[in-house]
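These notes are about the structure you will find just below.
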Amino acid sequence: EEVSPDLSKADASKFGGREVNQYGTITSIAESPIEQGVLWVGTDDGNVHVSRDGGDSWMLLNGNIPDNPEYWVSRIVASHHAVGTAYLTYTGRHVSDYRPFAYRTTDYGETWTSIAADLPDQSINVIREDHKNPDLLFVGTDRTVHVSLDGGNSWYELKNELPTVPVHDLTIHP
């Protein structure tokens, strides 16, 4: 069952490019583990949407995100702790912009706060929230994993002999 119209910008003039980086597709989707029907979507052309009714209606959130680069949405994740909370990351590596872009909303996308804090200039591929502690966050970048113990106010590189490798996904054991 189709639950949305095309949620991308559908700008065919930007499809492809040097690294064939846009197709007008959804790159990340998350459903709230707390409330059925709350869906979050991000696209490869920078759109971010939320639906609170299982996809019957969608709200475009781009204008609510401060300093929004409207790059490829590398991940959007619904919180395990609060139904209106989600985490969003963009990657600008397709346009040679390696700054970190990470955000949190606590009000269904009405407002967003950058939680990139002191992350180094490394493209973020994934963000995850701990299942028990909402202040414990992890991001996987093109080089390593970083962890925050304070909800994204400060970040530390996770060492423990992890080699320098791209981290595209993380699973936090519940």
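No lab work stands behind these numbers, since they all come straight from the coordinates. Everything numeric here is computed off the predicted structure, so don't read it as measured data. Because the Cβ atoms are built from the backbone with ideal geometry, glycine has one as well, and the counts that use them run over all protein chains shown.
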| said: Only Cα pairs within less than 10 Å get springs; with that Gaussian network setup on the chain, which residue of 63, 46, 152 has the largest fluctuation? | reply: 63
| request: Can you figure out the FRET efficiency of residue 10 with residue 142, using R₀ = 30 Å and their beta-carbon distance, to the nearest 0.05? | output: 0.60
| said: Give the residue list of trypsin sites (Lys or Arg not before Pro) in region 81-174 that are DSSP loop and have at most 11 other beta-carbon atoms within 10 angstrom. | reply: 132, 159
| message | Once you keep just the Cα pairs under 8 angstrom separated by 6 or more residues, what percentage relative contact order results for the chain? | response | 14 percent
| said: Restricted to Cα positions, what overall size does the chain have along the principal axes? Three whole-Å values, descending. | reply: 45, 40, 28
| Scattering profile of region 25-83 at q = 0.16, 0.17, 0.19, 0.23 Å⁻¹ [log10 I(q)/I(0), Debye over alpha-carbon scatterers] | -0.47, -0.53, -0.66, -0.92
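Multiplying the sequence separation of residue 157 and residue 107 by 0.36 nm and subtracting their Cα-Cα distance, what value in nm do you get?
Going from the current span to full extension adds 15.1 nm.
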